[in-house]
Amino acid sequence: KDIAVKMNELPLNAKGWLQMNDDNMDMDFAIEAPTSEFKSFLSVVPGCYTKDFSQVKTSGKMGLKFGIKGVMDSLRMPATHAELKVDNASFQYPGLPASVSGINVDFKFDNPDGTPDKSIVDLSKFQANLGGEPLDAKLYLSTPISNAYAKGYLKTAVHLEKWLNLMPLEKNTSLKGEILADMNFDGHYSE
């Protein structure tokens, strides 16, 4: 049956079944976010759901799908598919001077039959502007067990103390330092 649940501000629709057997679990269920507002997704990101979350200014769209089907035991995994898309999102917390903008995410995880080595992670887009400091990354990962292949890049220049202007952190939290990266990679683990 269709079931509607809510995690913080993120409404989810779920359907399917789960059977607990003596030696395994058999399942077939799917979960989707029926809303397309980024703010609802932000509410489930660890550390983002604060007491004044209703005052957070946001924009942008998102989409979320997750499905899992098959038997899980000590030797087998069910087939799994997950997608997350975020399009031109932003957020700014009340009382803080800076915002995070230009958030774009296109993420897929696919495992067609539960064989771990057939898992594919495809983060084809991960971008954000953190108070004026860019973050841009990509990652493609396949055959993680037999001969892991990874291709991608990470480009950023982030001054950690500026995060105090972006996120409501616990009192007396201090951040210092910077993360500078301009890295490209492409290859198999065995090479």
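The values are calculated or read from the model by the stated rules, or taken from the named source; none is laboratory data. This one's a predicted model, so the numbers in the text were calculated from it and none came from an experiment. Cβ placement follows ideal geometry from the backbone for every residue including glycine, while neighbour counts extend to all protein chains displayed. Note: accessible area is taken over every heavy atom of the protein model, side chains too, but ligands, DNA and RNA are not part of it. Shrake-Rupley method; radii C 1.70, N 1.55, O 1.52, S 1.80 Å.
A few points about this structure:
- Selected residue [of a type in the set (A, V, I, L, M, F, W, C), touching a Pro at 6+ places or on another chain (Cβ under 8 Å) and more than 29 Å from I103 (Cα to Cα)] from M20, M25, M77: M77
- So D28, is it exposed (fewer than 12 other Cβ atoms within 10 Å of the Cβ) and either in contact with a Ser or Thr (Cβ under 9 Å, 6 or more places away or on another chain) or among the acidic types (D, E) (or both): no
- Residue, surrounded by the most Cβ atoms within 10 Å (Cβ to Cβ), within the stretch 38-51, restricted to residues that are touching a residue at least 60 places away in the same chain (Cβ under 8 Å) and not hydroxyl-bearing (S, T, Y): F38
- Residues located in the stretch 146-167, provided they are open to solvent by 50 Å² or more (accessible area, probe 1.4 Å), under 30 Å from T58 (Cβ atoms) and either assigned to a loop (DSSP other than H, G, I, E, B) or at pLDDT below 95 (or both): H159, E161, K162, W163, L164, N165
- Options K138, K125: the member that is basic (K, R), crowded, with 16+ Cβ neighbours inside 10 Å and more than 21 Å from S190 (Cβ to Cβ): K138
- Where T35 falls short, out of the listed (1) hydroxyl-bearing (S, T, Y); (2) touching a strand residue (DSSP E or B) at 6+ places or on another chain (Cβ under 6 Å); (3) open to solvent by 80 Å² or more (accessible area, probe 1.4 Å): (3)
- Test result for S74, more than 23 Å from N129 (Cα to Cα), out of contact with any Phe, Trp or Tyr (no Cβ under 7 Å at 6 or more places or on another chain), exposed (fewer than 15 other Cβ atoms within 10 Å of the Cβ) and among the small types (G, A, S): yes
- The residues of the stretch 9-68 that are of a type in the set (G, A, S) and either touching a helix residue (DSSP H, G or I) at 6+ places or on another chain (Cβ under 8 Å) or under 28 Å from D113 (Cα atoms) (or both), listed by number, are A14, G16, A30, A33, S43, S59, G60, G63, G67.
- Residue identified as at pLDDT 95 or above, charged (D, E, K, R) and surrounded by fewer than 12 Cβ atoms within 10 Å (Cβ to Cβ) among D186, D110: D186
- Residue in the stretch 8-17 that is surrounded by fewer than 17 Cβ atoms within 10 Å (Cβ to Cβ) and touching a Pro at 6+ places or on another chain (Cβ under 8 Å) present: yes
- Scope the stretch 57-69; condition touching a Lys or Arg at 6+ places or on another chain (Cβ under 7 Å), open to solvent by less than 40 Å² (accessible area, probe 1.4 Å) and over 19 Å from D122 (Cα atoms); matching residues: none
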